[in-house]
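In what follows, a single structure is set out as structure tokens and then discussed.
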Amino acid sequence: MRTGRGLRVLSVYEGFFSGGARILHTDVVLGLREGGQYHRVLSIHGEVHREATRQRMEDDACYRALTAAGVAVGSLGHPVDPRDDSAVFSGPQLAETARAMADADVILSLKEQPLALLNQAGLPRRPVVVSLHRSDPENQGPALDELKAAIADGTVAACVCCAESTRNAYEAAGVPGELLHVIPNGVDLLRFRPDAARRVALRAELGIPDAAPVIVFAARYAAMKNVPLFLRAARAWLRDRPDGHVLMCGAGMTAVNPELAADLADAFGDECPPAGRMHLLGVRRDMEVVYAGADVVALTSGWGEAAPLCLIEGMMCGAVPVTTDVGDSAAIVAGLGFVTPPDPEAVAGSWHDAVTGRPALAAALTASRERFSRTRMIASYAELIDHVHAAAARSSLPETL
């Protein structure tokens, strides 16, 4: 039986597209590989069209990080047309999946969506660990049913929940509590840290004065992120802070996204966003620089969040978090930032409090760093995968008289 360093692990992704779950899982794969495990990744889609952005696998930062580290990444090239039945896979696709699974000891499923593939009849039986990153299983469509089917079949050996809110929500939805293991999100503390040089560089790039207060909103354009609330708060804050700047990062956070353009028009009305003070940056590959250049990291989500990576990354770079009370967000920022009701004026007021209170919170943010360590997170994943593999090996041993 392989143990620890010799384990072969296959991760299955729905696709490569911008988002915290993919960033987090990719970092987990890289960390486990650094520890000696052998990892491969299989993506169902070769490209996706989301958040008004066509995202090719080969262009994705996670794909590039994996392949640069020597992790083999393949794709089934499944169609992305929403009119196609995503649960119908061709013979060659199933054969490729079977080959990949046969060469693995344990399967990691990035969220529950890939279970539509892994539940197909005739594939090799391997213990599956499902990584769950939301707090709203009821909004995951047929994926929740696929998860329950895989559990009933005995395929799913464990579920990793990135937050207590995830564990609670999935247990309430009918997932057995003994399968749910909470491993809080962590980040690379060498990458995400306060850095005066990065702060100067970002502000020079965007033409922002050194002393100007900066709010950063790092999110893909999606309904759960409540972009209209953020923009209404931005209008109120920019009105009251003539020296302030707002940065919006993520897939769809560009001027070419018609839905974002409509939201901007609704939020600002007859006014235009202040010239040079509302920065639509789209997908950035250097978020450690963006966060280091900001004073506040903001989140206005209405549902679905569990342990938002943007809050953790921003805090570790010295930005004060301001968030709505969604998922584990309030627990994450307790003593380090602010929780606000979903009201534009209240959000803007909390941004003001965060900017003025940033010097006083600096020591608490620094002291919290070990709590959000990537090293702690990777070790917990490794321990769970070892346990799952050992249990599967024991159950497959022939009985002795």
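The values are calculated or read from the model by the stated rules, or taken from the named source; none is laboratory data. Everything numeric in this text was worked out from a predicted model, so none of it was measured. We place every Cβ from the backbone using ideal geometry, glycine too, and count neighbours over all the protein chains shown.
Yes/no matrix, rows are residues, columns are (1) within 23 Å of Pro308 (Cα to Cα); (2) over 23 Å from the mean Cα position of the chain (by Cα); (3) not assigned by TED's automatic domain parsing to the domain that holds Met377:
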{"residue": "Val48", "(1), (2), (3)": "yes, no, no"}
{"residue": "Ala68", "(1), (2), (3)": "no, no, no"}
{"residue": "Ala104", "(1), (2), (3)": "no, yes, no"}
{"residue": "Lys111", "(1), (2), (3)": "yes, no, no"}
{"residue": "Glu138", "(1), (2), (3)": "yes, no, no"}
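Residues in region 5-20: is at least one among the small types (Gly, Ala, Ser), part of a strand (DSSP E or B) and either within 21 Å of the chain's Cα centre (by Cα) or modelled with pLDDT under 95 (or both)?
Yes: region 5-20 contains one or more residues that are among the small types (Gly, Ala, Ser), part of a strand (DSSP E or B) and either within 21 Å of the chain's Cα centre (by Cα) or modelled with pLDDT under 95 (or both).
Determine whether region 101-109 contains at least one residue that is closer than 30 Å to Ala330 by Cα and at pLDDT 95 or above.
yes
Working only within region 159-172, note down all residues that are surrounded by fewer than 20 Cβ atoms within 10 Å (Cβ to Cβ) and touching a helix residue (DSSP H, G or I) at 6+ places or on another chain (Cβ under 7 Å).
Glu171
Where in region 291-401 are there helices (runs of 4 or more DSSP H), lying fully within it, with 2 or more residues that are under 27 Å from Pro209 (Cβ atoms) and touching a strand residue (DSSP E or B) at 6+ places or on another chain (Cβ under 7 Å)?
Correct list: 309-316, 344-367.
Identify, from the list Val289, Val297, Val322, the residue that is among the β-branched types (Val, Ile, Thr), surrounded by fewer than 19 Cβ atoms within 10 Å (Cβ to Cβ) and not assigned by TED's automatic domain parsing to the domain that holds Gly141.
Val289
Hey, can you tell me all the residues within region 58-86 that are modelled with pLDDT under 90 and of a type in the set (A, V, I, L, M, F, W, C)?
Correct list: Val80 only.
So which helices (runs of 4 or more DSSP H) are wholly in region 61-168 and hold at least 1 residues that are among the acidic types (Asp, Glu)?
Counting at least 1 such residues, we get 91-102, 143-152.
Filter region 234-248 down to the residues that are under 25 Å from the mean Cα position of the chain (by Cα) and either free of Cβ contacts under 8 Å to residues at least 12 places away in the same chain or under 13 Å from Leu264 (Cβ atoms) (or both) and list them by number.
Ala234, Val246, Met248
Name every residue in region 21-56 that is touching a residue at least 40 places away in the same chain (Cβ under 8 Å) and in a loop (DSSP other than H, G, I, E, B), in order of residue number.
Gly35, Gln37, Glu51, Ala52
Of all residues in region 371-387, count the ones that are closer than 15 Å to Ile107 by Cβ and surrounded by 20 or more Cβ atoms within 10 Å (Cβ to Cβ).
So the answer is 2.
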